[in-house]
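J.: Below is the structure I would like to discuss, written out as structure tokens.
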Amino acid sequence: MCSPIQMMDSPNLKGRYVAAMVLSGAGDAIGFRNGSWEFCYRGRAIFDELQSLGGLEDIKVKLPGWMVSDDTVMHLATAEALVEASKESNIENIFLTIARYYKECMKDMNGRAPGRTCISGANMLKPGVRNGYKIPFNAKGGGCGGAMRSMCIGLRYPRPEQLDQLIAVSIEAGRMTHHHPIGFLGSLASALFTSYAVQGRPVLSWGHGLMEALPKALACVRSSGHCVLENEQAWGHFEKAWTDYLKLRQITDGQSEPIFPEKFDFEERDKFVKSVSVGGWGGSMGHDAPMIAYDALLGAGSSWHELCYRAMLHGGDSDSTGVIAACWFGTLYGCQGVPEGNYESLEYNERLKAAGAGLFELAFPDPSFVDAHDKNVG
């Protein structure tokens, strides 16, 4: 059997699962830079500092200079909870397992800059009692804390026929801390786009697919019976923001090639990041964190370096956009073109590898399906 490193270097589906989890941590750590880059508001300044360190080819992403942020800690919590709950047939027990992991992971937040909404939401969770994963609606709960930790849900439920499960789990996992449509629909977007990457669906079609999934998401919220009226009243912002973005890139039909400005350097990208934000710090909300990550992937294609410039080196919440975009990149391309120093000594590397492998085994227990998938994708 291949070692985790050999699997990451191979183009097969299991290797891409492992790469998705590991590179998500790398994207987080690079965008975070122990807080100094996450809270820097000029992408050019971040890039200049990176160049002074030798560029992406020379940096070694490892402790103490490159710890992962709260984003990876919570993404790991989601993934490991899904693996533990793999034998659960009762979906409420899956939710309670995720809630327990979220509560427990709050003990590992020293120096990782967790958001106040994540902290307060996790404190309200009661995983030992029925419905203990439910918290009240929060009119200020639209932050990106759900979006930055839910990509692995798409790895667990990657098939088109699993869409209803993906929607239900991503929404409930998101609103365990961010109970507002802007927040938990960001969780859905991160998970959904990861499933599209596994399926090999063209990247330019992902935004269109999200818009098609939103009515199903609303039906899911209504069927849950939990804070339905409040969520219905706050529903419109996420959909409008994404509609406007898809129009901006001229990809509303899911078939057209995206249109970027002729000049789209660091300064122009910082303006874009700010323009899609609420309050000026792009990537800090549930709608714009996956949006900026998606925009970066559309522009970067299979180039890790370009993805980093667009998703992790900007004047916004760069670790949150980085963790999302890098997970999608790993799902699509594995570690193709990624300098080994960017991930080989990453904090929690072994846990991330194990989570990726575990999610793969759950998603694809039938080897013949995997063989057919690899032939089709290859």
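J.: Answer yes or no as to whether E239 is charged (D, E, K, R), surrounded by fewer than 21 Cβ atoms within 10 Å (Cβ to Cβ), more than 28 Å from G337 (Cβ to Cβ) and in contact with a Phe, Trp or Tyr (Cβ under 8 Å, 6 or more places away or on another chain).
T.: no
J.: Just need a number here: residues in segment 295-328 that are out of contact with any helix residue (DSSP H, G or I) (no Cβ under 8 Å at 6 or more places or on another chain) and not in a helix (DSSP H, G or I).
T.: The qualifying residues number 2.
J.: Does at least one position in segment 156-178 carry a residue that is surrounded by fewer than 24 Cβ atoms within 10 Å (Cβ to Cβ), hydrophobic (A, V, I, L, M, F, W, C) and more than 23 Å from G121 (Cβ to Cβ)?
T.: yes
J.: Starting from residues that are touching a helix residue (DSSP H, G or I) at 6+ places or on another chain (Cβ under 9 Å) and small (G, A, S), keep the ones in segment 276-286 and report whichever is surrounded by the fewest Cβ atoms within 10 Å (Cβ to Cβ).
T.: Among those that are touching a helix residue (DSSP H, G or I) at 6+ places or on another chain (Cβ under 9 Å) and small (G, A, S), it is G280.
J.: Could you list, in sequence order, all residues of segment 109-144 that are charged (D, E, K, R), within 19 Å of E38 (Cα to Cα) and surrounded by fewer than 16 Cβ atoms within 10 Å (Cβ to Cβ)?
T.: Matches in segment 109-144: R116 only.
J.: Can you name the residue in segment 336-366 that is under 16 Å from D28 (Cβ atoms) and of a type in the set (F, W, Y) and is also surrounded by the most Cβ atoms within 10 Å (Cβ to Cβ) among such residues?
T.: Residue satisfying both the conditions and the ranking: Y343.
J.: Which one is surrounded by the fewest Cβ atoms within 10 Å (Cβ to Cβ) among residues in segment 89-108 that are touching a residue at least 60 places away in the same chain (Cβ under 8 Å) and over 19 Å from V73 (Cβ atoms)?
T.: Top of the filtered list is I91.
J.: Contact list please: Cβ distance under 7 Å, first residue in segment 202-226 and crowded, with 18+ Cβ neighbours inside 10 Å, second residue in a helix (DSSP H, G or I) and among the acidic types (D, E), pairs at least six apart or on different chains.
T.: Going by the 7 Å Cβ cut-off, the qualifying pairs are L214/E239.
J.: If you check every pair at least six apart or on different chains, which have Cβ atoms under 7 Å apart with a residue in segment 247-266 that is aromatic (F, W, Y) first and a residue that is surrounded by 14 or more Cβ atoms within 10 Å (Cβ to Cβ) second?
T.: Qualifying pairs under 7 Å: F260/G299; F266/G43; F266/R44; F266/F47.
J.: (1) among the polar types (S, T, N, Q); (2) over 20 Å from L298 (Cβ atoms); (3) outside any helix (DSSP H, G or I): which one isn't true of N231, the others all being true?
T.: Condition not satisfied by N231: (3).
J.: Just a yes or no: is a residue in segment 351-363 touching a Leu at 6+ places or on another chain (Cβ under 8 Å), touching a residue at least 24 places away in the same chain (Cβ under 8 Å) and either assigned to a loop (DSSP other than H, G, I, E, B) or hydroxyl-bearing (S, T, Y) (or both)?
T.: The answer is no, given that none of the residues of segment 351-363 is touching a Leu at 6+ places or on another chain (Cβ under 8 Å), touching a residue at least 24 places away in the same chain (Cβ under 8 Å) and either assigned to a loop (DSSP other than H, G, I, E, B) or hydroxyl-bearing (S, T, Y) (or both).
J.: Hey, another quick one. Being of a type in the set (A, V, I, L, M) and either under 22 Å from L192 (Cβ atoms) or in contact with a strand residue (DSSP E or B) (Cβ under 7 Å, 6 or more places away or on another chain) (or both) is the filter here, so list the residues in segment 129-149 that pass it.
T.: A147, M148
J.: Could you check, for segment 104-113, whether at least one of its residues is among the hydrophobic types (A, V, I, L, M, F, W, C), out of contact with any Leu (no Cβ under 7 Å at 6 or more places or on another chain), within 20 Å of M312 (Cα to Cα) and modelled with pLDDT of 95 or more?
T.: Yes, the conditions are met somewhere in segment 104-113.
J.: What single numbered condition from (1) hydroxyl-bearing (S, T, Y); (2) within 19 Å of V323 (Cβ to Cβ); (3) out of contact with any Cys (no Cβ under 7 Å at 6 or more places or on another chain) fails to hold for S223?
T.: The one condition S223 does not meet is (2).
J.: Condition (residue is surrounded by fewer than 16 Cβ atoms within 10 Å (Cβ to Cβ) and within 29 Å of E340 (Cα to Cα)) applied to segment 72-88: is it met by at least one residue?
T.: For segment 72-88, residues surrounded by fewer than 16 Cβ atoms within 10 Å (Cβ to Cβ) and within 29 Å of E340 (Cα to Cα): absent.
J.: What's the number of the only condition in (1) crowded, with 16+ Cβ neighbours inside 10 Å; (2) among the small types (G, A, S); (3) not in a helix (DSSP H, G or I) that A289 fails to meet?
T.: Here A289 meets the rest and fails (3).
J.: Looking at G334, is it modelled with pLDDT under 95 and out of contact with any strand residue (DSSP E or B) (no Cβ under 9 Å at 6 or more places or on another chain)?
T.: Values: modelled with pLDDT under 95: no; out of contact with any strand residue (DSSP E or B) (no Cβ under 9 Å at 6 or more places or on another chain): yes.
It is false that G334 is modelled with pLDDT under 95 and out of contact with any strand residue (DSSP E or B) (no Cβ under 9 Å at 6 or more places or on another chain).
J.: From (1) in contact with a helix residue (DSSP H, G or I) (Cβ under 6 Å, 6 or more places away or on another chain); (2) polar (S, T, N, Q); (3) in a loop (DSSP other than H, G, I, E, B), pick out the condition that doesn't hold for T331.
T.: (3)
J.: Between residues in segment 128-155 that are over 13 Å from R175 (Cβ atoms) and residues that are among the basic types (K, R) and modelled with pLDDT of 95 or more, which pairs lie under 7 Å by C-beta distance while being six or more apart or on different chains?
T.: So the pair list comes out as G132/K126.
J.: Mind checking which residues of segment 39-71 are within 25 Å of K274 (Cβ to Cβ), touching an Asp or Glu at 6+ places or on another chain (Cβ under 8 Å) and buried (at least 18 other Cβ atoms within 10 Å of the Cβ)?
T.: Selection gives G43, S69, D71.
The values are calculated or read from the model by the stated rules, or taken from the named source; none is laboratory data. These numbers were taken from a predicted model, which means no experiment stands behind them. Cβ coordinates were reconstructed from backbone atoms using ideal geometry, including for glycine residues, and neighbour counts include every protein chain displayed.
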